[in-house]
1. Quick check on this structure: which one of Gly377, Gly388, Gly324 is open to solvent by less than 50 Å² (accessible area, probe 1.4 Å), in a helix (DSSP H, G or I), touching a Leu at 6+ places or on another chain (Cβ under 7 Å) and not assigned by TED's automatic domain parsing to the domain that holds Ile438?
2. I'd like to know if the stretch 181-193 contains one or more residues that are over 25 Å from the mean Cα position of the chain (by Cα), part of a helix (DSSP H, G or I) and surrounded by 18 or more Cβ atoms within 10 Å (Cβ to Cβ).
3. Out of the residues in the stretch 235-249 meeting the condition of being crowded, with 24+ Cβ neighbours inside 10 Å and free of Cβ contacts under 8 Å to residues at least 60 places away in the same chain, tell me which one is nearest to ligand 1 (Cβ to nearest atom).
4. When the stretch 327-336 is examined, which residues are found to be outside any helix (DSSP H, G or I) and among the charged types (D, E, K, R)?
5. For the structure I just gave you, tell me whether Gly50 is modelled with pLDDT of 95 or more, away from ligand 1 (no atom under 13 Å from the Cβ) and over 30 Å from Glu369 (Cβ atoms).
6. Return the pairs, sorted by first residue and then second, in which the second residue is open to solvent by less than 10 Å² (accessible area, probe 1.4 Å) and part of a helix (DSSP H, G or I), the first residue lies in the stretch 180-193 and is in contact (Cβ under 8 Å) with a residue 40 or more places away in the chain and acidic (Asp, Glu), the beta carbons are less than 6 Å apart, and the residues are 6+ apart or on different chains.
7. In this structure, is Leu260 more than 16 Å from ligand 2 (Cβ to nearest atom), surrounded by 17 or more Cβ atoms within 10 Å (Cβ to Cβ), in contact (Cβ under 8 Å) with a residue 24 or more places away in the chain and within 30 Å of Met5 (Cβ to Cβ)?
8. Among the residues of the stretch 264-279, write down those that are surrounded by fewer than 16 Cβ atoms within 10 Å (Cβ to Cβ), assigned to a loop (DSSP other than H, G, I, E, B) and free of Cβ contacts under 8 Å to residues at least 40 places away in the same chain.
Amino acid sequence: MTREMRVLEPADGRVFGFYCCGPTVYGPAHIGNFRTFVLNDVLRRVLEVGGMRTKHVRNITDVDDKTIRDSQVSGMSLADFTGKWTRRFHEDCEALNCLAPHIEPSAVEHIPEQIAMIETLVKNGNAYCSEDGSVYFRIASYEDYGKLARLDQQDLELGKTQGERANADEYEKDSVSDFVLWKGRRPEDGENYWDSPWGEGRPGWHLECSAMSYKYLGESFDLHSGGEDLKFPHHENEIAQSRCACGGDFARAWFHPRFLMVDGEKMSKSLNNLYTLADLERDPGATPMEVRYALIGAHHRKQLNFTFDGLHAAREALSKLTKGQALLAKAAGREGENVPSYRELCGLDDLGVFEPALAALNDDLNTPEGLGQLFRGLRIAETEGDPGVNWLGFHAMLAALGLRLPDPEVPEAPPEVVAAAAKRQIARENKDWEGADILREEIQNLGWAVKDGPDGYELKPL
Ligand code: AMP
Ligand code: ZN
């Protein structure tokens, strides 16, 4: 809010409560979305590896203009449609080694809480009902409106006085206006409506996060996050709703990582310049861990341009880390031992030569510097520090960054094998058994075997 850096601490002295705006589940999330989710994951991990307890709430947006529109195009019910994309989101998060939030509430499951919040806003004079049974937030009723996004004063005055209203979930800064809390039922919403004191309808998008953050974190909590596009109007509207309905500070700190870009433009569905994890597995055969490494390679305060070269560099870096890990284990006499669990790696007093790496992450979550110091640590570990402490410190750093290294016993599959296996998986999902068999042979001809299990497939050298 103030554009100052803040020390992150739990205000209650016990648990750091934070809310991240989650995905809108109307298709596969693209890796731009995942830059935001992965950086949030690193933030949480750094706090936890530093010994803090966290409570991480991230919602699922399963009712809004886009989910309703696309569920109808697909011919599925809204619940089936959003359920399918929620499962896919979870699979991708797991592949990217993102910790599951402690609470993952969905908008549809919190309609009563959203209605109760609108009732309070109407009662307090912050909201009004329009002719069509919709309810709007009156931005002129909240003095601090526009403070987070630093709205242009002229746009703001116009927005307050012109009496225009935004009924769509998404709109631009120059059309700042009263925004919709409850949308009266319209024919294009089909069967997707609920009863309310203002008639049948459905909640506007911005409301869900206010209602759910209040329920799970209270009227004041430690941090709120989302991509840079969420500052306006989404977070501005959340602040207005929450402050007016619940009192309290709402979020004490904000975290808005900058975008993932492609050729100078934001990666987004509307620009049709997106890549999903599955796209990148098919071509150029990139693993999810390579994608994760690439996504954290730039500072969160800088936009990151996505390139295949970046993925290639990530592959080389991960391979160096894997070799370094083997050397550290050997020096510590820990070869063949299980890596300590995440819990065991949280709250260590001493990371040996990897202390500066964690210090870099603790300083404004500087991931590129943290990675640089990780490699520096590997170099100096050959001559410095206690090998056992260094080995633990290295794994604590991997835990903080959320990097999962391949088992050194099993060599890594080359990109063409990863790509063929990804294509085969899709063929299997489409019940194209013949196509899957041809790809299995192709993989075998490249010297690898593919084994199917309950959690997906595994590649082993023949
Ligand atoms: P959505 O599913 O559209 O609600 O977006 C989920 C999250 O992804 C939000 O926090 C967005 O701000 C974020 N996001 C969308 N596009 C990008 C991008 N190109 N780079 C980084 N974050 C993004
Ligand atoms: Zn939100």
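1. Values: Gly377 fails: touching a Leu at 6+ places or on another chain (Cβ under 7 Å); Gly388 fails: touching a Leu at 6+ places or on another chain (Cβ under 7 Å).
It is Gly324.
2. Of the residues in the stretch 181-193, the ones over 25 Å from the mean Cα position of the chain (by Cα) are 182-193.
From the residues that got through so far, the ones that are part of a helix (DSSP H, G or I) too are 187-189.
Checking the rest, the ones that are also surrounded by 18 or more Cβ atoms within 10 Å (Cβ to Cβ) come to 189.
Yes, the conditions are met somewhere in the stretch 181-193.
3. Glu238
4. Going residue by residue through the stretch 327-336, those that are outside any helix (DSSP H, G or I) are 333-336.
If the condition is that a residue be outside any helix (DSSP H, G or I) and among the charged types (D, E, K, R), then Arg334, Glu335 are the ones that fit.
5. Criteria not met by Gly50.
6. What qualifies is Asp189/Ile68.
7. Spelling it out, Leu260 is indeed more than 16 Å from ligand 2 (Cβ to nearest atom), surrounded by 17 or more Cβ atoms within 10 Å (Cβ to Cβ), in contact (Cβ under 8 Å) with a residue 24 or more places away in the chain and within 30 Å of Met5 (Cβ to Cβ).
8. From the stretch 264-279, those surrounded by fewer than 16 Cβ atoms within 10 Å (Cβ to Cβ) are 264-265, 270-272, 279; that's our starting set.
The next check asks that each one be assigned to a loop (DSSP other than H, G, I, E, B); those that pass are 264, 270-272.
Of everything in the stretch 264-279, those that are surrounded by fewer than 16 Cβ atoms within 10 Å (Cβ to Cβ), assigned to a loop (DSSP other than H, G, I, E, B) and free of Cβ contacts under 8 Å to residues at least 40 places away in the same chain turn out to be Ser270, Leu271, Asn272.
The values are calculated or read from the model by the stated rules, or taken from the named source; none is laboratory data. Please read these numbers as outputs of a predicted model, since none were measured by experiment. A quick note on method: Cβ atoms are made from the backbone with ideal geometry, for glycine too, and the neighbour counts reach across all protein chains shown. When the accessible area is computed, the model is the full protein with side chains, heavy atoms only, and any ligands, DNA or RNA have been set aside. Shrake-Rupley method; radii C 1.70, N 1.55, O 1.52, S 1.80 Å.
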